[in-house]
Each structure stands twice: as C-alpha cells, then as structure tokens.
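The values are calculated or read from the model by the stated rules, or taken from the named source; none is laboratory data. All of these numbers come straight from a predicted model, not from anything done at the bench. No Cβ is skipped: glycine too gets one built from the backbone with ideal geometry, and neighbour counts run over all protein chains shown. Quick note on the areas: whole protein, heavy atoms, side chains included, nothing else; ligands and nucleic acids left out. Shrake-Rupley method; radii C 1.70, N 1.55, O 1.52, S 1.80 Å.
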Amino acid sequence: MIARRAALLAALRQVMADLDVLEIDGAVLSAAAPAERALDCLAVVEAGWLVPSPEHGLKRLLVELRRDCYQLGHVFRAGEHGRWHNPEFTMLEWYRLGASMADAVDTLDAVLQEAGAPRRVRCRRYADVFAEATGLDVRTADTEALAAHARAQGIAPADADAGDRVFWLDLLMAFCVQPTLGRDGPEVITHFPADDAVLVELDPHDPRFAQRFECFWQGIELANGAVELTDVEQARKRMVREQQARRAAGSAVPPIDERLLQAMTAGLPRCAGVALGVDRLLALLTGAEQLADVVPFAWPAR
Amino acid sequence: MAQYSTNQFKGGLKIILDGDPYSIVENEFVKPGKGQAFNRVKVRNLKTNRVVERTFKSGDSVEAADVFNLDLQFLYHDGEFYHFMDPNSFEQYQAAEAAVGDAAKWIKPEDKCDVTLWNGVPLQVDAPNFLVAKVIETDPGVRGNTSSGGTKPATLETGAVVQVPLFIEQGEVLRVDTRKAEYVSRAGDS
C-alpha cells in the first residue's frame, strides 16, 4: 500500500505537469485560519493554525503568479476522525485561471482517469439528486419541511430543534442523499445551495445556488470544487457571516484572514479550484474499507 | 453527572438516553464536505436489549451511565427476586426476573455470574459459560449405547432442557455449555 500510494502521488504530479499546472510547496503552518462555520482548524501554540486546505496560500500566490498552480500535501482538521476521516490527510488542490465550473470538472475527470477511476465522471445537479432521494424541492422547501423529513426518516438528532436551514440540508445530504451517489464510479454534483457558500461565486442564473460542486464515489465525498469568488467586499461579508455562525454554535472564532483579503483587493484572477482527498481516492481505488488502511500512520494509533 | 462528548464515543461505552442505560455498539463519524459533522451511533438498550440508531451533532455531550460488571455468586430465588452476593465484599444484590431472563435456567446456587449493574441495581445477568447440574428427568438410559449418535431430551435441576446421548440416566451429573444449550460431558469425565 505504501508503494501504491507513492505511485498515485507520482501520477497526480504527472497529470498536473502535463496540464502545465505549477507545483507550489506552500506552508502548512499559517498565521490565519479560514472562516467557515463547519471547519475547525488545529491551533498551534504561539504560531497560528495548521491549514485545513492550501486555499488561502494558493490564492495569495495566484495574485502574484497569474498562472495555474497546485499544492499536494498534508492538511489538518480538528475533530475529524472516523472511518473516512483522519485529522491529518493528504490533499491535492489546484487552481486554473479563467476556468468555468465545467472546465474544473473536466480537469478533475482527467485527474481521476489518470489515477485509474473505472469510468468518466457523470454530472447531476444538487437540486435533482436531493429531490430524487428525499422528494423535496430544495428551492422551495423551508427549514421546517427539511426538519420534518429528517425526523420522519429517524435521522434527526434529539436536540436539533434549533437547527437552521444549512443544518438540515447537511443532515439530509449526509444521510439520505450522499449514500446514493457515485455507486459505479465518480459522480459530480453541481450547484450546491448558496446558503453556506463562502469564497465561491454564485450561479448568475439562480443565486440560490453556488457555482460549487462535489465529487462522490461509492457514497464517499472525494473532491470539492468551485468557481472562486473574486469580489473582496462579498468575501468579507461572507466571512463575517461564517464567524457569526461559529460564535452562535459556541465554536472558536479565529480572526479574518486579512492577508487574503489584501491579496483579493489587489485582484484575484478569475479562476476555478478543486480540492481532492488523496487518501480517500487511494482507498476507493484499492477497495480499502477505511482510511486507516491506506494511511501510513493513521490517527490515533500512530 | 459525568458526561461523554461524541469524540469519546466508542463501542462498549455506557450512556443514558431518554432515562435508559444504553451501550454503544457502533459509532460512525459522518461529515458532509463543507457541512456540520454528525455521529451516527448504534446503541443497545441495556434493559430491553433492543438496538436502535441515533444521530448526534459532533461535539455534543451525553450523560454517562453508571454501569459496570461484577462477578457475583448466585444465592437463591425467593419466587420473586434472584439474590446474589459479591464474594469479596459480601454485599448482596437482588435482581428482578427481567434482569435474569434466560440465565435463570442456567444457574444454580453458588454459581458465579457476570452481572451488569446500573446505579447498583442488577440490569443483566449472564450465566457462566458452563453449568454442572443433575438430570432430574429423562427417559431410561440405553445400556451399552455409548457411541451412536442418538439423543433424547433431559431436564436439569435448574429447569433447562438439553439434548443428551441415549446412555445418560436420571440422576447423573452433566456438564453443559450454557451459550449453546448443549451437552458437553458427564461431570467428572474429561
């Protein structure tokens, strides 16, 4: 498995090189943490945070470099530990200038083909798969309708009465929709709801949705991609909104990453980015039953 | 009251849900990409043994159940309660029929049982894996028939009925496997 992992890392670097995407050997220890309601960063005493993805660093470099780039390395997320989660994991994240959501999906498809996926990716919209699995129209269903369906399915937490729309969407997505996705190969779900979109452009045709997608294979989330938000004022507003959500949930609220906003003020080029979970990809390619089987030193047994 | 956070969840952990003690059978951490994390947990109700599934928001806490196991010696059944004693502290415990359940047929006085206690009250009694007991009723033995495969039912002094070889006589003392309700040997045989 160690050799299989090395071969996969080499294949990923090769496909990036073939696409003329520049490797960035960026820092994983950062002075700032992203403001996202459901993303807890590992704090390092007197130093900052371990990055949950290389997004902020790569975007700051994009402003200077103005060319496609990627980072392949370890990222960290506090509290994420389970069969398909490890607090430290390997991520491939790339950004390509001028790319649309369809372009980003194409690049992802090329990467997955090179890695050995059984077929080309298929695309469906979030609203369609949500309706298929739950019978609910995500465009019109309000918080109460979402909650009622979750309760009827027996998946609602006992004390979740105060959950907001994003909470119920997450719950239904995780338990009712996600297990049905990508049964026979990678499947891309596009146009996620705009409710919790942060550094992502909304869909100009329907701003209730974002130009964001996720890729699933055998019900496991493998990648996340989006057309990146370039409007710095929007970015600040959404970060503040996410900070408020974190405060309301009693989570730690790291300060806003002013260096990123500074760079965005200077002008982030229009681009799309994709983050791919390399350990999960390796597990799915090899038929492993859990991440611990493909990670050399899995938490907490390390 | 002691609490457990969802990140302490693992198989075997004892918690209180809706006032009842439960044991965690399986815990799965579930988190949609950018979303809220959940723990989907299979739990067994320690009173009814029913297994149900529950969802928790990751990071939430639940009350710990004061549940632990002791090796207790069975003393006697008074018609209503089964009485046990801790051979170390000599402390006595009385278990209701519901807690003893099927184990009632597989224990006799002085046998040591694995007893699960909740707040000091027996919740579940597990019989020892092997029981040595006298046959109080069975058809007459077939002499000389020590090797053929035939069996017949025999009632033990504890009330359990097991299939035994045809040569077993009433009054003999047998060793039986309580988990499979199976005859093992005559007591004293090896």
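Results, tabulated for the structure shown:
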| quantity | calculated |
| --- | --- |
| Test result for residue B:81, without any contact (Cβ under 8 Å) to a residue 40 or more places away in the chain, more than 30 Å from residue B:10 (Cα to Cα) and surrounded by 15 or more Cβ atoms within 10 Å (Cβ to Cβ) | yes |
| Of the criteria (1) open to solvent by less than 50 Å² (accessible area, probe 1.4 Å); (2) facing chain A (nearest Cβ under 10 Å); (3) in a strand (DSSP E or B); (4) in contact with a Lys or Arg (Cβ under 9 Å, 6 or more places away or on another chain), which one residue B:74 fails | (2) |
| Unique residue being closer than 30 Å to residue A:173 by Cα and open to solvent by 40 Å² or more (accessible area, probe 1.4 Å) when the list is B:92, B:3 | B:3 |
| Unique match (being in contact with a Ser or Thr (Cβ under 8 Å, 6 or more places away or on another chain) and either in a helix (DSSP H, G or I) or not charged (D, E, K, R) (or both)) among B:135, B:100, B:162 | B:135 |
| Unmet requirement for residue B:117, which otherwise passes all of (1) open to solvent by less than 20 Å² (accessible area, probe 1.4 Å); (2) of a type outside the set (Lys, Arg); (3) farther than 30 Å from residue B:15 by Cα; (4) in a strand (DSSP E or B) | (3) |
| Qualifying positions in segment B:33-61 - open to solvent by less than 10 Å² (accessible area, probe 1.4 Å) and within 10 Å of chain A (Cβ to nearest Cβ) | B:35, B:38, B:39, B:55 |
| Selected residue [surrounded by 14 or more Cβ atoms within 10 Å (Cβ to Cβ), at negative phi and without any contact (Cβ under 8 Å) to a residue 40 or more places away in the chain] from A:285, A:268, A:281, A:261 | A:261 |
| Residue match in segment A:117-128 (condition: within 13 Å of another protein chain (Cβ to nearest Cβ), buried (at least 20 other Cβ atoms within 10 Å of the Cβ), not charged (D, E, K, R) and not in a strand (DSSP E or B)) | yes |
| Number of the exception - residue A:148 against (1) modelled with pLDDT under 95; (2) surrounded by fewer than 21 Cβ atoms within 10 Å (Cβ to Cβ); (3) not in a helix (DSSP H, G or I) | (3) |
| Total residues in segment A:95-116, condition assigned to a loop (DSSP other than H, G, I, E, B) and in contact with an Asp or Glu (Cβ under 6 Å, 6 or more places away or on another chain) | 0 |
| Count of segment A:193-235 residues which are within 18 Å of residue A:270 (Cα to Cα), in contact with a Leu (Cβ under 7 Å, 6 or more places away or on another chain) and surrounded by fewer than 16 Cβ atoms within 10 Å (Cβ to Cβ) | 0 |
| Scan of segment A:32-49 for residues that are surrounded by 14 or more Cβ atoms within 10 Å (Cβ to Cβ) and either in a loop (DSSP other than H, G, I, E, B) or without any contact (Cβ under 8 Å) to a residue 24 or more places away in the chain (or both), ordered by number | A:32, A:33, A:34, A:35, A:36, A:37, A:38, A:39, A:40, A:41, A:48 |
| Residue check, residue A:142 at pLDDT 95 or above, more than 13 Å from every other protein chain (Cβ to nearest Cβ) and open to solvent by 50 Å² or more (accessible area, probe 1.4 Å) | no |
